[in-house]
Each structure stands twice: as C-alpha cells, then as structure tokens.
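The structure appears below as structure tokens.
The values are calculated or read from the model by the stated rules, or taken from the named source; none is laboratory data. Predicted model, so just to flag it, every value in this text is computed and none were measured. In this analysis, Cβ positions are derived from the backbone assuming ideal geometry, glycine residues included, and neighbour counts consider all displayed protein chains.
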C-alpha cells in the first residue's frame, strides 16, 4: 500500500467541526527531508524488530512484560509501531496485531469512570500517561477500521475518552497522574494534548479554550534563559526529555512560529545524539525523550531533521539487541522496542499525527 492510500484511509474519519473547535494549521516542512533516511540496513533492522515485537503480543491483544504486562500505554505504543510501518487494522502482515491491540484497549475502559482507559494489572506510575497514549492510538487508528461494529465501538469509546481528558484539565491548563483537575506537570500534559490533536483530526470537537489554556501552561514551564522546559512551572531545572515534550506539545496545539518553539529547538540541537551532549548516555527517560525529540525535529523540518535523524538512527541501531529488541535497564523491553521502532520509522510519514 502506498503512503497516499494509507493516509487517505487514516484521515477518512474527518468531519466538519464547529467554529468553536480547536484550530491548527500545517507547518512548512520540505517534502524531501525523508529521502534516503531509512536505508537498506535500517529497513532490515526494522523488519526484524517488528517481527520480534509481534511475537510479544499476548493472547488478549496486549503487550508488556513484568509489572507492565497489559499496560495500556505499552499496548498502544506497540500498535503505533506497526502503524508507523504502514500496517493497518486487518491489512498487511501485522494488520491483525493492530486490530487485536485496538480490541484490547477498548476492553480497558473503567466501568466506574466512563472513558477512562486504564488497567490496574499493568498500571505503572500515573495512569493518565496510559490514558493519553491509548486515546492517541484509538484516534490514529479510527479512520482505518472497516469493521462496522468495531468502528462504532471505537468511536463511542474515543468520544468518552476525549471528554475525560477535557474534564481533567486543571485551571493552569495542564494534566496530572489522575483524571482529576487538581495539579499538572508537563510530561502528562504532552500525552493529553497529543491525544486531543489526534482526536480532533479524527473528527472529535475540542474546545479552543482547552488548547489556549494548554499552550499557556506549557509556555510557563519554559526556562527563558536556556530555552529548555521544566517538569512544572518554576520547579526544577530544564531537561532534554521535558524540552522535547514541550516543543511537541506546542506543535500539537498548533504553535509553530513562536519564540518558545525556536528556543526549545535550539536547546535540543545542543544535545544531538552521539554528540557528547547531556543526553549522550541513555537514562531512564531515553526512549521517552527521543520519541518526542524526533517528532519535534520532523515537524521543524529542514536541517533540523536532516541532522537529527541519522544521529538517533545510528545510535539506536548500535544499541539494538541480537534478537531485534531494545532494552534499557529495568524498563519493559516491549516499551523500549515500540518506542525505538516509532522513532526509526518517522520518515515513512504514515502516522496521521505526523502530518503537517
């Protein structure tokens, strides 16, 4: 299947929105920036790693190991990893794996809290992380599901999960670990605004006020001296992963030509993978940070991406295990591998969320 067909199906759910809905526009990236980025060696590694990840799927459609078995975020990210390779529900070698992941996520809706996508069996840290990634996955896959009953179920669940996000935004404009509008932090906030962006692309109306409040919160997390982003406004030093998340959060809210974005990109570019910067050595947030960083550079386009992608590509290929997986410390190998695959396949430009 060619990219145009894939993306046409992926955006086939677009509906007319009211004037009060969230508004975005595309940024101006050059169309040729992906040319030659995924070379034969990289594609071979991707193919072997996708096969490894497919073999990790549990009978119920979930992914995850150890305490993250059945985790909705890991399961959603695995589904996105297959989609990033061009595999749609029921189509292609891994189409059934995507479908099974969708079905699993739909079973994870909390009966006591409509729309809340979580699974206590695989809960880890703040469950709103999982909810955000799961909502993003459902929104991305929605226009690609042809089975009517499944599509209708997905649409209804997606609508409820979006409402839960909208109702959980606090007065500052961010989100936190639990689905309650109490406090907030940048790492949870990025998950929610990306989910809302994807949901809006799938035809779910999102209030403009939600977007405006989120933009203000994200900007309040930026350190104006370094351009980096903090975990919370005026709380702690800026960091690489948080800065990558901050830039993508602004992009997801439709903010492209803005001093905050420019300064954030400059901060990231001072830490090019393999360049001896502060993020040269993998840490607990390695895959999380690079998942957002490569998206930031892709959307920025031009020289930003042409410098960044080969560096992270080669770094990832150099850390890949013989069986085709990635592992970082005690982190779940399904999570690490799904993240690495999404990063490596960004030049495919298959995921609707990457469209400019």
_Could you check segment 284-321 and list, in sequence order, the residues that are surrounded by fewer than 18 Cβ atoms within 10 Å (Cβ to Cβ) and free of Cβ contacts under 8 Å to residues at least 40 places away in the same chain?_
303, 307, 311, 318, 319, 321
*What is the residue count in segment 323-343 for residues that are closer than 10 Å to residue 81 by Cβ and part of a loop (DSSP other than H, G, I, E, B)?*
0
_Options 268, 250, 224, 213; residue that is surrounded by fewer than 19 Cβ atoms within 10 Å (Cβ to Cβ) and outside any loop (DSSP other than H, G, I, E, B)_ = 213
*Within segment 205-217, is there a residue that is touching a residue at least 24 places away in the same chain (Cβ under 8 Å), under 21 Å from residue 110 (Cβ atoms) and out of contact with any strand residue (DSSP E or B) (no Cβ under 8 Å at 6 or more places or on another chain)?*
no
*Right, residue 204: outside any helix (DSSP H, G or I) and touching a helix residue (DSSP H, G or I) at 6+ places or on another chain (Cβ under 8 Å) or not?*
yes
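Conditions tested, residue by residue: (1) more than 15 Å from residue 49 (Cα to Cα); (2) out of contact with any helix residue (DSSP H, G or I) (no Cβ under 9 Å at 6 or more places or on another chain).
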site: 318; (1), (2): no, yes
site: 321; (1), (2): no, no
site: 331; (1), (2): yes, no
site: 334; (1), (2): no, no
site: 338; (1), (2): no, no
_Going residue by residue through segment 332-342, is there one that turns out to be under 19 Å from the mean Cα position of the chain (by Cα), buried (at least 22 other Cβ atoms within 10 Å of the Cβ) and modelled with pLDDT under 95?_
yes
*Scan of segment 344-356 for residues that are surrounded by fewer than 23 Cβ atoms within 10 Å (Cβ to Cβ) and part of a helix (DSSP H, G or I), ordered by number*: 347, 348, 353, 354
_Please return the ranges of helices (runs of 4 or more DSSP H) entirely within segment 1-87 where 3 or more residues are more than 20 Å from the chain's Cα centre (by Cα), modelled with pLDDT of 55 or more and on the phi < 0 side of the Ramachandran plot._
40-54
